[in-house]
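Written out below as structure tokens is the structure these notes cover.
Rule-based calculations on the coordinates, nothing more; no lab input. Note that the structure is predicted; figures quoted are calculated from it, not measured. Note: ideal-geometry Cβ built from the backbone for every residue, glycine included; neighbour counts use all protein chains shown.
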């Protein structure tokens with residue numbers, strides 16, 4: 001009946017009409033009212049009920065019109081009928097589906113009609129008990145309409161809140177997707193920038209030594225191949241996030257602070273001497289902090305390869321205290337901020353600073369007073 005309200009309301013209308021017709025046959029011969037007029041009034045009282053949910057105001061006043069026609073056409077011997085229960089249904093409909101204000105106006109018309117019925121059709125004194133019953137029925141209809149209307153309003157508000165929550169959930173999902181894409185873009189930038197820089201350095205070295213020292217050129221080409229494979233593996237791992245619907249996607253662990261040793265070795269192999277100084281335990285760092293340290297060192301050493309010139313050396317210092325980790329990457333090359341911005345557009349420095357801020361840390365990058373370039377970062381960690 002909830003899925004098909006017209007069907008349910010038709011059952012109500014049919015029940016009222018059935019008992020109304022039974023009362024007509026039982027009263028046969030006791031009234032001089034014309035059957036056609038009686039059926040017309042009954043049609044006005046009961047006919048609109050099946051459509052009351054879709055057109056509550058129009059159907060309710062059509063029922064009220066039937067009641068007033070009945071008031072002026074039926075004789076005193078037959079002043080009421082069971083079809084008059086449709087008036088109570090209409091009052092309930094107005095209160096539950098239209099509102100209290102419209103329901104009050106409709107109730108006033110019912111009171112006026114009931115008083116006129118008591119005075120002109122029955123007689124005031126004789127109609128007092130019946131009038132009391134009529135008002136009780138109308139009061140019950142009003143109370144039921146208030147209850148159902150309040151419940152409908154509650155469910156409507158609940159439905160609106162659910163829709164709002166769904167909208168907020170979709171927006172949060174879109175924001176999460178955007179953040180994930182930004183993270184993947186940062187990771188890809190770091191991987192590609194570092195690996196390609198190493199490959200270019202070795203390719204240049206192989207070009208210069210391919211005739212004079214074929215063995216060195218061969219080692220350089222081998223390093224290029226190994227670096228390319230490693231970069232391709234890490235890029236596939238990162239892009240697997242965007243292709244998560246494929247069951248064959250292979251997931252590898254994210255690099256952490258311990259991978260700094262490998263970065264230093266790769267940079268040394270590229271021709272830049274790197275001294276690595278580690279103090280404290282880096283094994284139990286939070287995953288985000290470990291990855292952030294790795295990527296910042298990777299980007300800093302990449303900038304050394306690209307911008308510091310020949311004969312450059314670098315120092316990477318990692319210090320773990322109780323509540324923080326300090327990182328410093330210093331080189332003695334001749335790279336300048338203008339060089340970095342001109343070549344890379346500054347995205348590397350922006351990415352490093354963004355990583356530090358996301359993890360609650362700070363990062364400083366700029367010329368070293370003694371020459372070269374210096375990157376410093378501090379990350380808070382829980383006391384171990």
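Let's test the formula: R0 of 45 Å, r as the Cβ-Cβ distance of residue 101 and residue 172. What FRET efficiency results, to the nearest 0.05? Mind dumping the intermediate values first?
On the way: r = 40 Å, r/R0 = 0.89.
It comes out at approximately 0.65.
Full-extension gain between residue 61 and residue 212, please, as 0.36 nm times their residue separation minus the C-alpha to C-alpha distance. Provide the component values of the computation, followed by the final result.
Details: separation 151, 0.36 × 151 = 54.36 nm, distance 10.61 nm.
Gain on extension, residue 61 to residue 212, equals 43.7 nm.
Need the full-extension length gain, residue 72 to residue 221, defined as separation in residues times 0.36 nm minus the C-alpha distance. One decimal, nm. Numbers along the way, then the final one.
Numbers: separation 149, 0.36 × 149 = 53.64 nm, distance 10.92 nm.
Between residue 72 and residue 221, full extension yields 42.7 nm more.
Compute the Cα gyration tensor for the range 265-329, then decide on rounded, prolate or oblate, letting a ≥ b ≥ c be the square roots of its eigenvalues: rounded whenever a/c is under 1.5, prolate when a/b is larger than b/c in the other cases, and oblate in all that remain. It comes out prolate by the Cα gyration axes. Here each label is just a point 7 Å from Cα along the line to Cβ, and for residue 156 and residue 236 those points are 5.9 nm apart. With neighbours defined as other Cβ atoms within 10 Å of a residue's Cβ, the residues 199, 108, 235, 94 order from fewest to most as 108, 235, 199, 94. Taking label points 7 Å from Cα along the Cα-to-Cβ direction, residue 354 and residue 144 give a separation of 6.4 nm.
Spin-label pair residue 111-residue 265: with each label point 7 Å from Cα along the Cα-Cβ axis, the two points sit 9.5 nm from one another. Fully extending the segment from residue 229 to residue 54 would add 56.1 nm, taking 0.36 nm per residue of separation and subtracting the current Cα-Cα distance.
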